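Accompanying notes for the structure given below.
The values are calculated or read from the model by the stated rules, or taken from the named source; none is laboratory data. Owing to the predicted nature of the structure, the values given are computational and were not obtained by experimental measurement. Positions of Cβ are backbone-derived with ideal geometry, glycine not excepted, and every protein chain shown enters the neighbour counts.
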Amino acid sequence: MTDTSLSAQSASRSCVPDPVIGAQPVLSVRNLSKVYKTGHRALKEISLDIHKGEIFALLGPNGAGKTTLISIICGLVNASNGTVTVAGQDTVVDYRAARSRIGLVPQELTTDAFETVWDTTSFSRGLFGKPANPAHIEKVLRALSLWEKKDARIRTLSGGMKRRVLIAKALAHEPEVLFLDEPSAGVDVELRRDMWELVRRLREEGTTIILTTHYIEEAEEMADRVGVIRRGELILVEDKVELMRKLGQKRLTMDLAAPLAALPPTIAAHGVKLEEGGQQLTYIYDTRMERSPGAAIAALLATLSAEGIIFDDLHTEQSSLEDIFVSLVRPAP
Ligand code: ATP
């Protein structure tokens, strides 16, 4: 770490103490709101701390406000209210210093078609006032499988390669925080896999990653913490594993020894469903239920036994983050 970042961190330590971990967050968003000129309120009082070295996934449906939030943090859009600090530096007051700590991989391709891969990536580094470092640019291009294409003009590259160039540009100035806005949108499986691998490697080197996505698998695969944004409000921020534990539903499946034509009312009363042409009973239960799931399952098994229903096999599955997400963003009935 450079002297500058050390002094920035110590200077800001008193500003916003982290209530949970006690360490200075690398990114701190406070009471951020955005009302566009159209009168649309895209963000409502967002507050969020991101810690060094974590992978944070911001999940939300179309139009939830993800891009607006990233754009404000990166200084591309002005907030109507609130503040953002990166390593303690305010993104408005200390714009250049704060911005130089951030790398942004935008959703849309915004590269100069006539430049070469090498030139455009090196130029991006220069934009942030960093001295030339060909060894770093080479490392980035190699990590993104772009080294063979370093002298190719951008316009000659495939869509996937162009996307890699955007990532290379974002990494050229060695940012501490990397934003990936919808990294998997329109990307093939191979690039997605490479990107995930690169993200993990960057995290190991201490880079903080924030990604926005509609792809639940991406959050589930990658994130340490997940934030869910809906209609401009951050409705949930949670450790991914904790989120699964707290909100996850479980499905208990029982394969019946003999198929049932209909479910006896005593069993239906437990909320069980008959599926697979009468061959299977499924019971979805909430791990948050007041009565312990164990007691509810024991009661169900006792009823099955009383009804003389025998099963061959029984297994449980944790529901995916996708189910949790869908249940969170589904409009209230
Ligand atoms: P997506 O996943 O579709 O990119 P998002 O979560 O990134 O969506 P935003 O692009 O931040 O959402 O948009 C949030 C809301 O603000 C949307 O209703 C959008 O129509 C509106 N919006 C975005 N940019 C502008 C603008 N420049 N002027 C007016 N309204 C805007």
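Here are some notes:
- 3 or more residues out of contact with any Phe, Trp or Tyr (no Cβ under 9 Å at 6 or more places or on another chain): qualifying strands (runs of 3 or more DSSP E) within segment 119-234: 177-181
- Qualifying residue in segment 237-257 (condition: of a type in the set (A, V, I, L, M, F, W, C), surrounded by fewer than 17 Cβ atoms within 10 Å (Cβ to Cβ) and farther than 30 Å from S305 by Cβ): yes
Matching residues to (1) over 28 Å from the mean Cα position of the chain (by Cα); (2) aliphatic (A, V, I, L, M):
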{"residue": "R99", "(1), (2)": "no, no"}
{"residue": "L104", "(1), (2)": "no, yes"}
{"residue": "E108", "(1), (2)": "no, no"}
{"residue": "A113", "(1), (2)": "yes, yes"}
{"residue": "W118", "(1), (2)": "yes, no"}
{"residue": "S124", "(1), (2)": "no, no"}
{"residue": "P131", "(1), (2)": "yes, no"}
{"residue": "P134", "(1), (2)": "yes, no"}
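- Criterion applied to A8, A64 was being within 16 Å of the ligand (Cβ to nearest atom) and either within 19 Å of L236 (Cβ to Cβ) or modelled with pLDDT under 90 (or both), and the one residue passing it is A64.
- Just so you know, in segment 212-227 the residues that are at pLDDT 90 or above and crowded, with 23+ Cβ neighbours inside 10 Å include one that is farthest from the ligand (Cβ to nearest atom), and it is A223.
- The residue pairs whose first member lies in segment 189-217 and is within 16 Å of V177 (Cα to Cα), whose second member is within 16 Å of the ligand (Cβ to nearest atom) and among the charged types (D, E, K, R), and whose beta carbons are closer than 6 Å, counting only pairs six or more residues apart or on different chains, are T212/K66; T212/D181; T212/E182.
- Members of segment 19-64 found to be charged (D, E, K, R) and within 16 Å of the chain's Cα centre (by Cα), listed by number: D49, K52, E54
Per-residue answers, yes or no, for (1) closer than 27 Å to G63 by Cα; (2) out of contact with any Leu (no Cβ under 6 Å at 6 or more places or on another chain):
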{"position": "V140", "(1), (2)": "no, no"}
{"position": "I154", "(1), (2)": "no, yes"}
{"position": "S158", "(1), (2)": "no, yes"}
{"position": "T208", "(1), (2)": "yes, yes"}
{"position": "H214", "(1), (2)": "yes, yes"}
{"position": "E233", "(1), (2)": "yes, yes"}
